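Worksheet: the structure to be examined is printed underneath.
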Amino acid sequence: MPIVTIQVTREGTTPGTASLTADEKAALIKGSSELLRDVLGKPLDSTFVVIEEVDTDNWGWGGLPVQEFRRRRVAQTG
């Protein structure tokens, strides 16, 4: 059976924290793996989960740094 890899990308962090906690990461790994098992019938030992945490300074949206994009969107929608 083919190996399935899930990549979970999380941008930014909660103010005052540098990353997800070990418990949060464990829950994401468990939940993602079980979802593939339940939906696609993939065995847990054939599923790899990679969690990548990306600082908000390192990505953009709509041609802008993501924080600026969000500020403008909030300003437009009130």
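The values are calculated or read from the model by the stated rules, or taken from the named source; none is laboratory data. Given the structure is predicted, the values throughout are model-derived calculations rather than measurements. As a convention, Cβ positions derive from the backbone with ideal geometry for all residues, glycine included, and neighbour counts pool all protein chains shown. In case anyone asks, the SASA skips ligands and DNA or RNA and just uses the protein heavy atoms, side chains included. Shrake-Rupley method; radii C 1.70, N 1.55, O 1.52, S 1.80 Å.
So, Leu20, is that one surrounded by 14 or more Cβ atoms within 10 Å (Cβ to Cβ), hydrophobic (A, V, I, L, M, F, W, C), without any contact (Cβ under 8 Å) to a residue 60 or more places away in the chain and in a loop (DSSP other than H, G, I, E, B) or not? For Leu20, the condition - surrounded by 14 or more Cβ atoms within 10 Å (Cβ to Cβ), hydrophobic (A, V, I, L, M, F, W, C), without any contact (Cβ under 8 Å) to a residue 60 or more places away in the chain and in a loop (DSSP other than H, G, I, E, B) - is met. Among residues of region 1-36 being of a type in the set (S, T, N, Q), closer than 20 Å to Val54 by Cβ and modelled with pLDDT of 85 or more, the one that is farthest from the chain's Cα centre (by Cα) is Thr21. Has region 37-46 got any residue that is open to solvent by 80 Å² or more (accessible area, probe 1.4 Å) and under 18 Å from the mean Cα position of the chain (by Cα)? Within region 37-46, not a single residue is open to solvent by 80 Å² or more (accessible area, probe 1.4 Å) and under 18 Å from the mean Cα position of the chain (by Cα). Reported count of residues in region 56-78, each being surrounded by fewer than 12 Cβ atoms within 10 Å (Cβ to Cβ), under 26 Å from Ala18 (Cβ atoms) and under 21 Å from the mean Cα position of the chain (by Cα), is 2. Cβ-Cβ distances below 9 Å connect the following pairs, each with a first residue in region 61-75 that is in contact (Cβ under 8 Å) with a residue 12 or more places away in the chain, a second residue that is open to solvent by less than 60 Å² (accessible area, probe 1.4 Å), and a separation of six or more residues or different chains: Val66/Gly12; Val66/Thr56; Val66/Gly60.
For region 31-43, a residue qualifies if it is in a helix (DSSP H, G or I) and either in contact with a helix residue (DSSP H, G or I) (Cβ under 9 Å, 6 or more places away or on another chain) or β-branched (Val, Ile, Thr) (or both), and the qualifying residues are Ser33, Glu34, Leu36, Arg37, Val39.
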